[in-house]
Amino acid sequence: MSDIKILAIESSCDETAAAVVEGGRKVLSNVIYSQIDLHTLYGGVVPEIASRKHIEKINPVIETALSEAGCTLSDIDAIAVTYGPGLVGPLLVGVAEAKAIAFATGLPLIGVHHIKGHICANYIEHEDLKPPFISLVVSGGHTHLVRVADYCTYEVIGRTRDDAAGEAFDKVARAIGLGYPGGPKIDEAAKKGNSEAIVFPKAKVEGSAYDFSFSGIKSAVLNYINHAEMKGETVDPCDLAASFQKAVVEVLTEHAVMAIRQFGLHEIALAGGVASNTALRASMTDACAREGVRFYCPSPIYCTDNAAMIGVAAYHEYEKGNFADFTLNAEPAVKIDQQS
Ligand code: KG4
Ligand code: ZN
């Protein structure tokens, strides 16, 4: 493993994060300042507030990442930053910071796609994982089924047509009154509920077997709550959470298994914030054991938004000489299979 050290910055949503990663797998530091408490007041991320907080926190977070890694900027070989997708204001804070450091130090600059970062989080703890493999990326903003052809080539084979899986968790949690962020709250409530209590429909998407749709399931939950209220019936939030979670987890698992069979690959890696979900992890573990394929999943600290995963993805771009110049800009809607 090479000893290339990359200082990585991530600020695409509500986590201000910096990390130092050596040789594309070894995390020397991973500092995350989460703004969740701030946004909980509003029931979701407020982009303007997030941008302001990133500006306040980015320098101390970077300084802590360098000192925890036992480094100064003179030990660093490249600066990496998430340039998209995400919220434009928050992304701009990270991109401007990375460009400033690269300009001041003369170090090469690398723009990293956020979803590639989530997938690359799997390399940190799994030395044996190498492309090609299938990755199921489930986060607050994205739900993608991806064929990872090599360290820098990604082919999307399925994506959500409407809500992302995490978004559906967050919206349903709000409707049940569990609060924000909804994913972990549904996960906990579901452990106390009966997943067979209510049968929610599993959406099929016309024209693509691999695409997802979660808005139908979300509406079905909202309709169920409304009907119960109209009839004066009480709904057990834990049963509702468990039944909703089961429907989402089943669809995600079925699509992942279908991709594994079709592409003849033997490894599948879960990624993104929803990859922390205990029911999804269990369902994927079982399905992969049945299919005889290896299942990989990052620890929860590397599932949530973090900069270590950005440093890992950047290492492979570094090896290929894919450097950015100072025209690098925030791209809130950049696709994973689009060249930057
Ligand atoms: O990847 P991430 O940190 O940010 C984005 O890139 O979007 O994902 C955040 C999403 C949120 O929707 C959150 O509710 C969801 O991940 N999430 C979970 C769990 N932990 C976080 N969803 C279900 N179960 C969990 N345990
Ligand atoms: Zn993310």
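The values are calculated or read from the model by the stated rules, or taken from the named source; none is laboratory data. Remember, predicted model here, so these are calculated numbers, not experimental data. Here the Cβ positions follow ideal geometry from the backbone for every residue, glycine too, while neighbour counts run over all protein chains shown. The protein model used for the area step is the full one, side chains on, heavy atoms only, and it has no ligands, DNA or RNA in it. Shrake-Rupley method; radii C 1.70, N 1.55, O 1.52, S 1.80 Å.
Exactly one residue among L7, L38 is assigned to a helix (DSSP H, G or I) and either at pLDDT 95 or above or surrounded by fewer than 20 Cβ atoms within 10 Å (Cβ to Cβ) (or both), and that residue is L38. Of all the numbered requirements in (1) in contact (Cβ under 8 Å) with a residue 60 or more places away in the chain; (2) of a type in the set (A, V, I, L, M); (3) buried (at least 19 other Cβ atoms within 10 Å of the Cβ), A247 misses one, and that requirement is (1). Against the list (1) open to solvent by 10 Å² or more (accessible area, probe 1.4 Å); (2) more than 16 Å from ligand 2 (Cβ to nearest atom); (3) part of a helix (DSSP H, G or I), the condition A242 fails is (1). The set of residues in region 132-153 that are within 10 Å of ligand 1 (Cβ to nearest atom) and part of a loop (DSSP other than H, G, I, E, B) comprises S139, G140, G141, H142.
Looking only at region 290-331, which residues are within 16 Å of ligand 2 (Cβ to nearest atom) and open to solvent by 60 Å² or more (accessible area, probe 1.4 Å)? Across region 290-331, the qualifying residues are P300, I301, E331. Sort out which residues of region 208-235 are surrounded by fewer than 17 Cβ atoms within 10 Å (Cβ to Cβ) and either assigned to a loop (DSSP other than H, G, I, E, B) or not assigned by TED's automatic domain parsing to the domain that holds V257 (or both), and write them in order of number. Across region 208-235, the qualifying residues are S208, A209, Y210, K231, G232, E233, T234, V235. The condition of being assigned to a helix (DSSP H, G or I), more than 9 Å from ligand 1 (Cβ to nearest atom), closer than 17 Å to T143 by Cβ and not β-branched (V, I, T) does not hold for M309. Residues in region 158-173 that are out of contact with any helix residue (DSSP H, G or I) (no Cβ under 6 Å at 6 or more places or on another chain), over 20 Å from T278 (Cβ atoms) and either open to solvent by 30 Å² or more (accessible area, probe 1.4 Å) or aliphatic (A, V, I, L, M) (or both): R159, R161. Cβ separations smaller than 8 Å between residues 6+ apart or across chains give the following pairs from region 1-16 residues that are farther than 19 Å from A50 by Cα to residues that are hydroxyl-bearing (S, T, Y): I4/Y315; I4/Y318; I6/Y315; I6/Y318. Looking only at residues of region 140-154 that are in contact with a Ser or Thr (Cβ under 9 Å, 6 or more places away or on another chain) and modelled with pLDDT under 95, we find that the one that is surrounded by the most Cβ atoms within 10 Å (Cβ to Cβ) is H142.
Residue check: is E196 of a type in the set (D, E), free of Cβ contacts under 8 Å to residues at least 60 places away in the same chain and open to solvent by 40 Å² or more (accessible area, probe 1.4 Å)?
Judged against the criteria, E196 is a match.
Do we find that V205 is touching a strand residue (DSSP E or B) at 6+ places or on another chain (Cβ under 8 Å), on the phi < 0 side of the Ramachandran plot and either among the charged types (D, E, K, R) or in a strand (DSSP E or B) (or both) in this structure? Judged against the criteria, V205 is not a match.
Could you tell me whether region 282-294 includes any residue that is among the basic types (K, R) and in contact with a strand residue (DSSP E or B) (Cβ under 7 Å, 6 or more places away or on another chain)?
Yes - at least one qualifying residue is present in region 282-294.
Being in a helix (DSSP H, G or I), within 16 Å of ligand 2 (Cβ to nearest atom) and within 20 Å of H144 (Cβ to Cβ) narrows it down to one residue among V274, V257, V248, V334; which is it?
Step by step, each of V274, V257, V248, V334 is checked, and only V274 is in a helix (DSSP H, G or I), within 16 Å of ligand 2 (Cβ to nearest atom) and within 20 Å of H144 (Cβ to Cβ).
Does D187 count as assigned by TED's automatic domain parsing to the domain that holds H255, open to solvent by less than 20 Å² (accessible area, probe 1.4 Å), in a loop (DSSP other than H, G, I, E, B) and in contact (Cβ under 8 Å) with a residue 24 or more places away in the chain? Against the criterion (assigned by TED's automatic domain parsing to the domain that holds H255, open to solvent by less than 20 Å² (accessible area, probe 1.4 Å), in a loop (DSSP other than H, G, I, E, B) and in contact (Cβ under 8 Å) with a residue 24 or more places away in the chain), D187 does not qualify.
For first residues located in region 120-140 and under 15 Å from N306 (Cα atoms) and among the polar types (S, T, N, Q), partners that are open to solvent by less than 10 Å² (accessible area, probe 1.4 Å) and assigned to a loop (DSSP other than H, G, I, E, B) and lie 6+ apart or on another chain with Cβ distances below 8 Å form the pairs N122/L129; N122/P298; S139/A164; S139/G272. Here V172, V138 are screened, and the one residue that is of a type outside the set (D, E) and under 18 Å from L41 (Cα atoms) is V172.
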